[in-house]
Amino acid sequence: MSDQNRIPQHVAIIMDGNGRWAELRGKERYEGHAAGIEPVRASLRAAVRNGVKYLTLYAFSTENWGRPQKEVDSLMELFCQSVISETPELVRQGVRVRMIGERSRFSEKVRSYLARAEEQTADGKVLTLILALNYSSRSEITRAVRKIAARAAAGGICLRSARIDPAAIDERTVSEALDTAEYPDPDLIVRTSGECRLSNFLLWQASYAELYFPEVLWPDFTEAEFDRALAEYARRDRRFGLVK
Ligand code: IPE
Ligand code: IPE
Ligand code: MG
């Protein structure tokens, strides 16, 4: 296999360990989240440099709403601030920002900031940055099932192309009803902080992803750590259920 083939097309990261990083330093949890911005920049630089085409970042799960209100509020503020501070550099790097997850639960302010980031970066061709915000796989799959069921139940008034025979529902139908319809499945999923679980992240899409769980806490993640993840990926033997 050529070196190029060993670079994952799509890397997804569960950015975990901000709270523990802050606690270790006697800081507030939100300070850990703020310290998690530089590793995002570093990961983007490393992804672009290595020719990765899609980078998905798990930034806020549907379960994370259950955290103390103060922490949730500080995360929302951080998303808005980051859009303002980071968008010019994203445009310069040719990064296109997209989102997965249900944005209806966000405030009008957060939604407008996110929409602005998507609009201003829409022409980016180098890399697609997919932010998973108010995202969980079960919620995504449930919404997809609803969409497909509505098409199956659609009566005569419905456009012909939208109607679907239940017998014709296949894996592609499901994939295309997910938030990730436009993107390839992740080749590599990285979760920092040593936790070895997916926490409701890309469960359908992760079917054949390589998983990597470095011990480093997210605020300490660097370009070198990203390169290490790619090196680990390059050593993996992906078989997809087949024999050589
Ligand atoms: C990940 O860091 C960031 C979010 C979930 C928003 P955590 O806040 O989960 O950090 P730990 O796991 O408590 O250390
Ligand atoms: C997963 O981390 C969500 C994000 C990184 C955004 P959590 O810290 O919320 O997950 P658990 O609670 O450890 O499973
Ligand atoms: Mg955590």
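Below, the figures for the structure above:
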quantity: Anchor Lys109: lysines whose Cα lies under 24 Å away (excluding residues fewer than 8 positions away in-chain); calculated: Lys70
quantity: Formal net charge of residues neighbouring Thr128 (Cβ-Cβ distance under 10 Å; K, R +1; D, E -1); calculated: +3
quantity: From phi via Karplus (6.51, -1.76, 1.60), per-residue ³J(HN,Hα) for region 228-234 in Hz, x at Gly/Pro; calculated: 5, 5, 5, 5, 5, 4, 5
quantity: Whole-percent carbon and sulfur share, accessible surface of the chain, 1.4 Å; calculated: 52 percent
quantity: Gyration tensor verdict on the chain (Cα atoms; rounded if a/c is under 1.5, prolate if a/b is larger than b/c, oblate otherwise); calculated: oblate
quantity: Estimated [θ] at 222 nm from DSSP helical runs (n ≥ 4, -39500 (n - 2.57)) normalised by residues in the chain, nearest 500; calculated: -13000 deg cm²/dmol
quantity: Ser175, Ser193, reordered so the largest accessible area comes first (probe 1.4 Å); calculated: Ser175, Ser193
quantity: Accessible area expressed per residue, the chain, with surrounding protein chains retained (probe 1.4 Å, Å²); calculated: 53 Å²
quantity: Region 178-244 and region 5-74: distance between their alpha carbon centers, rounded to Å; calculated: 14 Å
quantity: Solvent exposure ordering (accessible area, 1.4 Å, most first) of Asp165, Asp220; calculated: Asp165, Asp220
quantity: Net charge, Phe240 excluded, C-beta distance under 15 Å - Lys, Arg +1, Asp, Glu -1; calculated: -1
quantity: Largest-first ordering by accessible area, 1.4 Å probe, given options Arg163, Arg105, Arg96; calculated: Arg105, Arg163, Arg96
quantity: Cβ-based net charge around Leu217, under 14 Å, with every Lys or Arg adding one and every Asp or Glu removing one; calculated: -3
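The values are calculated or read from the model by the stated rules, or taken from the named source; none is laboratory data. Since this is a predicted model, take the numbers as computed values, not measurements. Every residue, glycine among them, receives a Cβ derived from its backbone with ideal geometry; neighbour counts consider all protein chains shown. We work out accessible area using only protein heavy atoms, side chains counted, and drop any ligands, DNA or RNA first. Shrake-Rupley method; radii C 1.70, N 1.55, O 1.52, S 1.80 Å.
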